[in-house]
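What follows is a set of notes on a single structure, which appears directly below.
Just so you know, all these numbers are worked out from the coordinates, no wet-lab data involved. Everything numeric in this text was worked out from a predicted model, so none of it was measured. Here Cβ is always computed from backbone atoms with ideal geometry, including for glycine, and neighbour counts include all displayed protein chains.
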Amino acid sequence: MNGPRILLVAADLMVGSRLVGLARGCGATVEQRREADATGGPFDLAIVDVQALQDEPAAAFARLRGGSTAERPLRIVAFGPHVATQLLEQAGAAGADEVVSRGELLGSFAAIIRRAGG
């Protein structure tokens, strides 16, 4: 498959399985990990659950971008529950390219992929 390659950083297997299904519909593939680690790339997009981060968002995002071997900077979309406003705000301040609620991610997945260039 030649579609976008997505790295999903999330501990929630239910979200992961839903995104895998949505990705197939967009011609993309998803590789899920529990930690922010982009080795084995290149990835076109990293989708990061803010609740899954083991450390500060800025450090996790830097590690993801530093481990990416893509020709262009790795685009990061951070997501979480809509009630986790502080975590979502921290992700935006830490350099996420886009911050969305879990519902927005699942409901607008194809549009998010297009914005990432996929």
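Note on residue 85 and residue 59: with the Förster distance fixed at 22 Å, the Cβ-Cβ geometry gives a FRET efficiency of about 0.55. Comparing 109, 54, 77 along the charge dipole axis of the chain, the residue lying farthest to the positive side is 109, per the Cβ-charge model. Pairs of Cα atoms nearer than 8 Å and 6+ residues apart set the relative contact order; for region 46-118 it is 31 percent.
Placing +1 on each Lys and Arg Cβ and -1 on each Asp and Glu Cβ, with no other charges, gives the chain a dipole about its Cα centre of roughly 380 debye. The helix-based estimate of mean residue ellipticity at 222 nm for the chain, built from -39,500 (n - 2.57) per DSSP H run of four or more residues and divided by its residue count, is -11000 deg cm²/dmol to the nearest 500. Comparing mean-square fluctuations of 37, 97, 55 from a GNM of the chain with C-alpha springs under 10 Å, the top value falls on 55.
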